[in-house]
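J.: Would you mind keeping the following structure in view while I ask a few things?
The values are calculated or read from the model by the stated rules, or taken from the named source; none is laboratory data. What you see is a predicted model, and the numbers here were worked out from it, not measured in a lab. When we count neighbours, we look across all protein chains shown, and the Cβ atoms used for this are built from the backbone with ideal geometry, even at glycine. What goes into the accessible areas is simple: the full protein's heavy atoms, side chains included, and nothing from ligands, DNA or RNA. Shrake-Rupley method; radii C 1.70, N 1.55, O 1.52, S 1.80 Å.
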Amino acid sequence: MKKYNVAVVGATGAVGEQLLSILAQREFPVDQVHALASTRSAGKKIRFGDRELEVGDLADFDFTNTQIGLFSAGAGISREYAPKAAAQGCIVIDNTSQYRYEDNIPLVVPEVNAEQIARYENCGIIANPNCSTIQMVVALKPIHDAVGIERLNVATYQAVSGTGKEAIDELDQQTRNIIDGKSVDCEVYPKQIAFNALPHIDVFMDNGYTKEEMKMVWETRKIMGDDTIQVNPTTVRIPVVNGHSEAVHLELKAPLSAEQAKRLLAEAPGIQVVDDREDGGYPTAATEGDGTDAVYVGRIREDISHPRGLNMWVVSDNLRKGAALNSIQIAEILVRDFI
Ligand code: A2P
């Protein structure tokens, strides 16, 4: 079996750790694995399955003999290094927002638009969507294929791990301080995140939405290949360590019963329906999402205020399906079909 040299850029970060762990778990056909980060981390040791890797400095890494680069070190790093890696013959799967909206760069969720992976040849870069969009479009796809989605309202309940390791530490520290009756320091988030909810993710845009919200608008249309879908998001950070939840309210082109929707979702790839109308009969971030691969859908019900409305609750591990796992699924298709 052919083996590939793979570089993980941002290997010491929250997503980078998951990339290494999922590559090992899924027995991706690796030969050499290069764990890369900033100069600060160079020389550190990290685990890859039963191997130990020494972290290399991205700044002086040569991608010439590396076939796949999994980038997750922030948009600025991808802006600088992804084109360099691609020019050296390394196919970049980029988990930042840097290239998602460029027409000639595919934006891929394998369960939705795997056929777009072939377009990696344009620039040598494939973009991995934003975490909150990935889990939502996996759940939208079977419904859109069946009856069409005209519009959707979505409110997200997003975990701090999506911000990175420093945010997990800030939640931990603030929680301890509050329990101990001490004051809290806010460095990563502008307001207290412990025991709170912040209706603010990423920067504010001129139209009053945040960039995280606009990512959900732009990316949903691009991935679903349908510019007519109207998306109205509110994205909220909550004090959950890992796993995003979303309340999604669909306005369909034709009516679909909750029963029919449940059946379609249960048969769709990557989805697990958890929908019993009883105590605990729904998925949550901490109990189903965290550490697992599926997109979980529950609370499927017809909207009592709209003749073609359908509601659902969508949960997934934002570091895995929302980031690292989705990137590795793309890499698996690349090696299976293209390289
Ligand atoms: P480092 O640990 O050396 O700072 P997170 O999203 O959890 O905060 O992680 C961000 C990831 O991006 C880390 O692996 C971090 O490495 C990496 N990173 C940040 N700045 C750079 C840089 N200038 N060059 C390479 N990697 C970087």
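J.: In terms of Cα to Cα distance under 23 Å, which lysines are near enough to K44, apart from those fewer than 8 places away along the same chain?
T.: K165
J.: Now for a separate question. When the chain is fully extended, how far beyond the present Cα-Cα distance does S183 get from D169, taking 0.36 nm per residue of separation?
T.: On the way: separation 14, 0.36 × 14 = 5.04 nm, distance 1.57 nm.
Working it through step by step, the gained length comes to 3.5 nm.
J.: Quote the charge dipole size of the chain about the Cα centre in Debye, to the nearest 20; the model charges only the Cβ of Lys and Arg (+1) and of Asp and Glu (-1).
T.: 140 debye
J.: OK, next. Could you work out how far helix 258-267 tilts from the main Cα principal axis of the chain, as a 0 to 90 degree angle to the nearest 10?
T.: With both axes taken from Cα atoms, the answer is about 20 degrees.
J.: What part of the accessible area of the chain, given as a whole %, is carbon or sulfur when the probe is 1.4 angstrom?
T.: Ligands and nucleic acids excluded, carbon and sulfur give 47 percent.
J.: Okay, next question. With axes computed from alpha carbons, what is the tilt in degrees of helix 211-224 against the longest principal axis of the chain, rounded to the nearest 10 within 0 to 90?
T.: Helix 211-224 sits at roughly 90 degrees to that axis.
J.: What does the accessible area per residue of the stretch 54-200 come to in Å², with a 1.4 Å probe and no ligands, DNA or RNA counted?
T.: 42 Å²
J.: Something else now. How charged is the neighbourhood of E187? Take every other residue with its Cβ under 9 Å from the Cβ of E187, and add Lys/Arg as +1 and Asp/Glu as -1.
T.: Cβ neighbours under 9 Å give a net charge of -3.
J.: With every protein chain left in place, what is the accessible area of T96 in Å² (1.4 Å probe, nearest 10)?
T.: In the full protein context, T96 sits at about 10 Å².
J.: Could you state, as a whole-number percent, how many of the C-alpha pairs of the chain are farther apart than 24 Å?
T.: Every Cα pair in the chain considered, those over 24 Å come to 56 percent.
J.: Now, a different point. For the chain, what proportion of DSSP beta bridges, expressed in % and rounded to the nearest 5, is antiparallel?
T.: Close to 50 percent.
J.: Nearest 10 degrees, 0 to 90: what angle lies between the long axis of helix 75-87 and the longest principal axis of the chain (Cα atoms)?
T.: Roughly 60 degrees between the two axes.
J.: Based on C-alpha coordinates, I'd like the Rg and Dmax of the stretch 246-339, in Å.
T.: 15.4, 50
J.: Follow-up. Any lysines with Cα under 17 Å of the K253 Cα? List them, leaving off those in the same chain fewer than 8 positions away.
T.: K253 reaches K141.
J.: May I pose another question? When the Cα centres of the stretch 128-192 and the stretch 255-303 are compared, how far apart do they sit, in Å?
T.: Going from one Cα centre to the other spans 19 Å.
J.: Next up: May I ask which residue of V188, L198, A167 lies farthest towards the positive end of the charge dipole of the stretch 141-254, with charges of +1 (Lys, Arg) and -1 (Asp, Glu) on Cβ and the Cα centre as origin?
T.: Of V188, L198, A167, it is L198.
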